[in-house]
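The values are calculated or read from the model by the stated rules, or taken from the named source; none is laboratory data. Predicted model, so just to flag it, every value in this text is computed and none were measured. A quick note on method: Cβ atoms are made from the backbone with ideal geometry, for glycine too, and the neighbour counts reach across all protein chains shown.
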Amino acid sequence: MSTPFSVPFVAPNPDSWGPPGPSADEGNPNAPPSSGKFLDLPYSPFGRSDRLGRAADFTNLSRGDRSRFNRQGRYDKNDRNNDRKNKNNENDSDAEDETFQLVDTSKATTVKRFVPPAAKRRQHTARLRQVNARRQQQGGTAFSTLSKQEYGGRGRGGAGGRGGRGGRGGRGGRGRGRGGRGYNNNRIDRQPSVAVQPDWIKVEELDLAKVTKNLSGSISADSKKSKKAMADAVPTPQDVLWCGFLDQYNDVYDKVTARQPVQLKRMATKEFYPVTTTDDPVLEKLAVDGIGGAGDGDKRSIFVTDNILAHLMTCSRSVYPWDLVIQKTAGGLLFLDKRDNSQLDYLTVWETAYNAPPPSKEGEDSASNINTPERLGLEATTINQNFSQQILKKSGRKEMDLPNPFFDEDDADGMEPASVAYRYRKFELDANTTLVCRTELHGLVKKSQYMTAFSLNEYNPPPTAGAPSSSQTQTWRDKIDSQRGSVLANELKNNSFKLAKWTAQSLLAGADQMKIGFCSRSNPKSAYDHVILATQFYRPKDFASQITLNETQMWAMTRMFVAMFAKQDEGKYVLMREPNKAVLTMYKVPQDTFEEDE
């Protein structure tokens, strides 16, 4: 049997908050004895955030009492602070002796925990990123991470120290102000390489970080099983066809130094051909001839160029957005393609750097700014092409089986093809999958060794990009001769993706040597005149180990992409990297997509 419960009487108060006056309780038997007993009782305000100490805790001062003590923790006799929060609590204050004073002479017991300056910078940077992310999601502008210490504020460090420009440390001071490295996290919102249309259908999405981690874990597990499994993971190439020609390398460029640089010439009469997969007549003929046995049962053939394949193999290091076109046809044929004038046709500069080159601002004349990512990419591509031809001799040419398939003598008009040998190679990924790739070689070393040639160009970030200006740091001219390893290490950090892609291309082509040149602007304000400061030979396999590029993981990435492409239906697809996050998205697109660009 349940116990009965009677609801107590609650008198309403239409005039104010709190209990009503005594008149509201009259004649009610359930009312309390007297609601008017609280009328003359003084009210003391309180807050839930107030700290509650002991009954007589003199060390836990309230906010109102903190003003009685000066900065040294001593009681300030001049500050009486007679204004109280509540006058009703002063009924007995007049009767007290005002000459009585309580002085707290105990020392503070707080223990300061030492936090390294680097940890403080990381914590502050993380907080700023969170705030910026919330503001951008709400449609607001992000806070600038360049604190005022960098521009003459009260930072502790000077221009020559770790801190900002005008801190207490003065110019060249030794302070550690917060305006130093770690405080230039201005987010660059990049645009996608191609606009996603409404009729595109998303079919796949890959997180590059997770994919790389999973592949690394599986490779580590296989390496513990047997070395034979690791060797089988890298397919053995088979040469199918050779086209073009190769010139001999000029040994004079081994002696180039920063003290005796060589002017970089413009190869105006050389023709370069960044031809994509579907426009290659040799690959087209191989596909028609049925290389790899595509269409016979479950067998399939993949056709690709070394530029595209190396891009996929090392795409986990990419930062800028890019896109590829995949076409799957009847009979088990896969063509990995790119658009005309795609991002893959141009090199990047400082893509993986902490302070990457900023894009041109709104309203700024892009033609006048030579340090935007687009202008730097065009400059780097031109330097790379000119360098690869300048370091070769005009004699000792080696002709391949077939001439250059892209050069037409009738339309030459005084032009000649560049020294490039197109080496078509076949890789058996498994019993049913054959990959045919067009690779490139650029020259001959000692008449028997094949080489590839690439060039790095010096880039000096402006002070506003979060790094010291070139006048405050050493340039390549200062240290390329004595500290070439330091220069290369810095380039491995700032151009990790580009160097990994070059190495992958050299491995695919079977190059014995990889020649890397170091070029710089003759005038920092001019992007048209350059000099060669140094050159260096590297063995591709050794260089891959130096930059932590695992050849087994490269082919694991290839097999993963091939499996993803092969399971799709026939049609055209676009694989694109998201502009602001390391995610690959694959869309199925109409067959006539990008046809108008041609």
State yes or no: is residue 533 assigned to a loop (DSSP other than H, G, I, E, B), assigned by TED's automatic domain parsing to the domain that holds residue 378 and buried (at least 21 other Cβ atoms within 10 Å of the Cβ)?
no
Do we have any residue at all in the stretch 384-394 that's touching a residue at least 12 places away in the same chain (Cβ under 8 Å), assigned to a loop (DSSP other than H, G, I, E, B) and closer than 18 Å to residue 456 by Cα?
yes
Can you name the condition, by its number, that residue 374 falls short on among (1) within 25 Å of residue 463 (Cα to Cα); (2) not in a helix (DSSP H, G or I)?
(2)
